[in-house]
1. Can you name the number of the only condition in (1) assigned to a loop (DSSP other than H, G, I, E, B); (2) open to solvent by less than 20 Å² (accessible area, probe 1.4 Å) that B:Q309 fails?
2. Has the range B:449-457 got at least one residue that is exposed (fewer than 14 other Cβ atoms within 10 Å of the Cβ), within 17 Å of B:A324 (Cα to Cα) and either in contact with a Phe, Trp or Tyr (Cβ under 6 Å, 6 or more places away or on another chain) or at pLDDT below 95 (or both)?
3. When you go through B:I461, B:I478, B:I442 one by one, which is the residue that is within 14 Å of chain A (Cβ to nearest Cβ) and open to solvent by less than 30 Å² (accessible area, probe 1.4 Å)?
4. Tell me, please, whether a residue that is modelled with pLDDT of 80 or more, more than 23 Å from B:L83 (Cβ to Cβ) and open to solvent by 40 Å² or more (accessible area, probe 1.4 Å) can be found in the range A:124-132.
5. Among (1) out of contact with any helix residue (DSSP H, G or I) (no Cβ under 8 Å at 6 or more places or on another chain); (2) part of a helix (DSSP H, G or I), there is one condition A:V52 misses while meeting the rest; what is its number?
6. Which of the residues that make up the range B:144-160 are open to solvent by less than 10 Å² (accessible area, probe 1.4 Å), closer than 17 Å to B:F234 by Cβ and either of a type in the set (D, E) or within 8 Å of chain A (Cβ to nearest Cβ) (or both)?
7. Scan the range B:156-171 and give yes if some residue there is within 30 Å of B:Q67 (Cα to Cα), part of a helix (DSSP H, G or I) and in contact with a Lys or Arg (Cβ under 6 Å, 6 or more places away or on another chain), otherwise no.
8. For the range B:69-88, which positions are in contact (Cβ under 8 Å) with a residue 24 or more places away in the chain and over 21 Å from the mean Cα position of the chain (by Cα)?
Amino acid sequence: MEAVVFFVCGAAVIIGALGVIAGRNPVHSALFLLLTLVSIAVLYLQQHAALVAAVQIVVYASAIVVLFLFVITLLGVDKGEAPDDAHPVQQVAAVVLGVLVLTGILVLVHGNRWVTGAHSTRGALGAADSGNVETLAKSLFTDFVWAFEMTAVLLVIAVVGSVVLARRSGHRADAPSAEAHATEPGERSPA
Amino acid sequence: MIGAGVTPIAHAPVDWYAIAPEIALFAAAILIVVLRSVARHDPKVHQASMLIAIAGVAASALFTGVQWAFVHSNGPYQAMSGLVAVDGFGVFVKSVILGATLLALLLSGGYLRREHLESPEYFALMLCSATGMMLMASANDLITIFLSLEILSIALYVLAAFDRRRLSSQEAGLKYFLLGSFSSAVFLYGIALVYGATGTTRLSGIAQFLAKIVLLHDGVLFVGLALLLVGLGFKVAAAPFHMWTPDVYQGAPTPVTAFMAAATKAAAFAAVLRIFVGAFRLYDVDWRPAVFGLAVLSLLVGSIAAVVQTDVKRMLAYQSISHAGYVLIGVQAATDKGTSAALFYVCTYAVMATGAFAIVMLVARRGDDRHELTDYRGLASARPVLAGLLTLFLLAQAGVPLTGGFVAKLSVFSAAIDVGQYWLALVGMLAAVIGAFVYLRIVLAMYAPPDDEAAPEGPRIVVDAGTGVALTIAAGAIVFLGVVPGIVLDFAHAATQLLAR
């Protein structure tokens, strides 16, 4: 049973990933991305990581994909006008490098004990009914509390940065361009 | 409200001394944002926020000094349940970052006024980015390294695109953002694989694990290590992960370019040294060839590509790639001497890069677009002091004796020769010769007679007070580092000895 779930979801993940890059229509790509993200959530569930699976669904599958769809529809790029400006050399190089990486991974997987490392360093995940919220919370608020607090800086940057980028474009829409600047009267007068 | 049967989480004690420098910087950033929203229409807000930013840097430097005094007498230790390393190494890198931030702030005030971009948010973002760099300098865990990498980068993406009227600035921001997030993803993948192989993300934990246990199948660890190197190689602008550097350095507002070149390199190299020379020292047989390759490529690509440029800002951008190569020579040695040489190089580069970009900023004048070599013709007769200063910074970058650049190059080469890497030192010297040619081209252009027919007379070059102070500090520092390098070399050496493992 576990193997069946794994292979079905694994196949779905890969099909979704291929669909994202192969789709001509951006909306289709976004939907394929959804397939990948939900399948990964199922894989998390299979690993008894219920909380991570829930976060995956809520944040990635819902919020981020919806955001993608918003942007696609707002920009109106869903008319199937996929930009096709990839250089042929780049395409060949991308395929060659991709195959190289794949071969590298396959060579690694070849031995049956390709991972040797410490097991389950954060302790058992806890009873199945409690999920693993408690374990995660403990880790987050004791050992990793500083990392947790550091994200505050990120949030400040996100707010300030988006305000800077968004407001300035609206506010300065009629501002003279760089060329116009250089030829402003008085600006070019000999010193 | 805690329900029955749930035990409250015992919080780890907070070591305020360990995180005070970062908190001081971030507090200044918050203060600026608050001031901006309270006194929105006051024209003095711009000036006030620059002063707050400088005060924040000064406070942070004070706390860093306190840390140094403590570490010097009591030895290095780990704080915040091992996420933060309080050690001499961190103090040294933090000092470099604070110095570079101070210089960049001084340059920014006049630049923003000249370009009519006055905005307190600029200073807030720069302080946030510097906070990220400081966090990176003392990060002792792959998670905190990743978070600080994101903090410093995301603020820089916005800063690079800050001059939204210039298309090249927008392009720089977008390009940096796209390639930067890609490299962050690669770095994160590397963290996941290293965690899978060693069961911990603590750098000291990884070192202990690898010292205790011999991995029979270490493929995952190697792939993880390679991905970490790629991610960090992007941030330090080492070839072949340098593609973004020329465009971003050229397009970004020039003070931001100076900040990026000086401070980001220092922070990212701190992470490189902590991860590779610190945590993975036992595996140096495996990662040293990779770093060797990066160093050779960066040295050659950086200096050869700079030769064919006609845009001075772009030339300096390519040269910054080759300077990353010199630092990698020190990293590659994987010895204490190599580490302290790399630290000294990063410190020197911060000064000479900021100085050179400051002059580029002045010569570019309003619009920030006069970067061609022809724009420098006759600079020596028009503004002899500026031309002299640029000559000084360029000669320092070329590695001429009596400047900091010479001592820096000498120390990385001697670190390489100590471990028998004659070839690497030779490639470094070759790159230095090619680099000298590039710098001489700029110097010759400046001392050439002015081209009266072609060059249209631009607006006068105006040196504002802040830029003047920054140039004086940078010029003084570069001569100081060249004439009496012993003080900083000893500092770097002592810092390396006091590395928390």
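The values are calculated or read from the model by the stated rules, or taken from the named source; none is laboratory data. A quick note: this is a predicted structure, and the numbers were derived from the prediction, not measured. Glycine also receives a Cβ, built like all others from the backbone with ideal geometry; neighbour counts cover every protein chain displayed. To get the accessible areas, we keep the full protein, side chains included, count just its heavy atoms, and leave off ligands, DNA and RNA. Shrake-Rupley method; radii C 1.70, N 1.55, O 1.52, S 1.80 Å.
1. Here B:Q309 meets the rest and fails (2).
2. Within the range B:449-457 (the criterion being exposed (fewer than 14 other Cβ atoms within 10 Å of the Cβ), within 17 Å of B:A324 (Cα to Cα) and either in contact with a Phe, Trp or Tyr (Cβ under 6 Å, 6 or more places away or on another chain) or at pLDDT below 95 (or both)), the answer is no, since none of the residues qualifies.
3. Working: B:I478 fails: within 14 Å of chain A (Cβ to nearest Cβ); B:I442 fails: within 14 Å of chain A (Cβ to nearest Cβ).
The match here is B:I461.
4. No, the range A:124-132 contains no residue that is modelled with pLDDT of 80 or more, more than 23 Å from B:L83 (Cβ to Cβ) and open to solvent by 40 Å² or more (accessible area, probe 1.4 Å).
5. (1)
6. If the condition is that a residue be open to solvent by less than 10 Å² (accessible area, probe 1.4 Å), closer than 17 Å to B:F234 by Cβ and either of a type in the set (D, E) or within 8 Å of chain A (Cβ to nearest Cβ) (or both), then B:S148, B:I151, B:A155 are the ones that fit.
7. No, that holds for no residue.
8. Hits for the range B:69-88 are B:F70, B:V71, B:H72, B:G75, B:P76, B:Y77, B:Q78, B:A79, B:M80, B:S81, B:G82, B:L83.
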